[in-house]
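FYI, it's all coordinate maths here, none of it is from the lab. Predicted model, so just to flag it, every value in this text is computed and none were measured. With ideal geometry, Cβ positions are generated from the backbone for all residues, glycine too; neighbour counts draw on all protein chains shown.
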Amino acid sequence: MVDFLMNIATPGIHHITAIAGDPQTNIDFYTGVLGLRLVKLTVNFDDPGTYHLYYADYAGRPGTVLTFFPWEGAPLGRPGTGQATAIGFLISEDSMDYWTGRLTEHGIGFDGPGERFGESVISFLDPDGIDLELITGKNVPANDDPQFGPVPADVAIRGFHGVTLTLASYERTAALLTQTFGYTAVHETGSRFRYDTGSGAPGAIVDILLEPSPRALRGEMAVGTVHHVALRAKDDAQQAKVQKRLAEGHFDVTSVRDRLYFRSIYFREPGGVLLEVATDGPGFDVDEALDQLGSALKFPPRYEPDRESLESLLTPVRLPERNGRR
Ligand code: ZN
């Protein structure tokens, strides 16, 4: 049994996908202020008249990928129970001063730095009101990636620290994390419960924030909320094992969807959060060279014949000036 569990343990988050309003505002904030790399400009494969924006580290490694569906003109959603309500980015211990200075420079208010489970945290909102956190991790490895964008490599965001799920109850979600995905309960204080894959990879943490009050509002998904959280499967075989295991546990899990850069299955965890399990490969360099990532609007092969008509539905965007191109 232990072997089987070891087999399907995830290293952590693959990507997080949220809903934005204006795509240009989103690009300017995530590349220009937070210094992430736009690694893919493409369309929502299920709604190809809208963009899908991908930000990550230089190479677009799993555990560093934040993606947005910009829904221009759509109403604001409401963060609440049954949602991922905060996205935590990992920074090195000695870069907190840089970040408080940088946010101040850009006129972005933040809370903190405060302490949480021995780590330093600041919280602030993105332009659409999504809760973001910068969290100092211990033993963050040196950054060997090429310099791109406005943030120096030695203080750059190093992918996700983790994600916070706000739930009305936590037991069944905790069981899913520990029994199916190999997480371990590592900390608990007040209403926050922390689970860690122990992989040491970026995005290894899931925090459950318990909101049991019947007055707590259920989240409404629209602009300014997280759409789903994807966990990593190292390959198709591991994904198939997870899919089988979820089906056996009576989760309503989808068939495998080809997302070109990875393959995905989706299901809703017991607390209501939409989860995905995405394969590590093939990766973002499948249709663009590594040093060209995010430099052109990409369509998956099935939409390429309709490029012209689809492009006419999309508001043109200005790409980041320095984005890793040499
Ligand atoms: Zn996804």
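Sorted by packing (mean other beta-carbon atoms within 10 Å per residue), highest first, where do 113-123, 50-60 land?
Taking the mean over residues of other Cβ atoms within 10 Å, the ranking is 50-60, 113-123.
Charges on Cβ only, +1 for Lys and Arg, -1 for Asp and Glu, centred on the Cα centroid of the stretch 203-249; of Ala222, Leu209, Gln239, which one is farthest towards the dipole's positive end?
Checking the options against the dipole of the stretch 203-249, the answer is Gln239.
Simple spin-label model, 7 Å along Cα-to-Cβ: Ala142 to Phe45 in nm?
So the two model labels end up 3.8 nm from each other.
Do the sum for the chain: with -39,500 (n - 2.57) for every DSSP H run of n ≥ 4, divided by all residues, what is the mean residue ellipticity at 222 nm, to the nearest 500 deg cm²/dmol?
Taken over the chain, the calculation gives -4000 deg cm²/dmol.
Treat each spin label as a single point 7 Å out from the Cα along the C-beta direction, and report the Ser169 to His250 distance in nm.
For the pair Ser169/His250, the computed spacing is 1.3 nm.
For the stretch 2-311, rounded, prolate or oblate, judged on the Cα gyration tensor with a ≥ b ≥ c (square roots of eigenvalues), a/c < 1.5 rounded, else prolate if a/b > b/c?
Because its axes are fairly even, with a/c under 1.5, the stretch 2-311 counts as rounded.
How much length is gained on full extension from Val286 to Gln24, taking 0.36 nm per residue of separation minus their Cα-Cα distance?
Gain in length upon complete extension: 91.8 nm.
May I ask you to derive the FRET efficiency for Arg257 and Ser213 from their Cβ-Cβ distance with R0 = 41 Å, giving the value to the nearest 0.05? All intermediate terms of the calculation are to be shown ahead of the outcome.
Working: r = 36 Å, r/R0 = 0.88.
Result of the calculation: an efficiency of 0.70.
For the ranges 231-238, 73-80, 31-38, what's the packing order if you count other beta-carbon atoms within 10 Å of each residue, average per peptide, and put the highest first? Before the final figure, lay out the partial values.
Working: 231-238: 18.4, 73-80: 15.4, 31-38: 22.4.
Highest-to-lowest ranking by the protection proxy: 31-38, 231-238, 73-80.
I want the local charge near Ala153. Using Cβ-Cβ distances under 13 Å, sum +1 for each Lys or Arg and -1 for each Asp or Glu among the other residues.
Around Ala153, the surrounding residues sum to -1.
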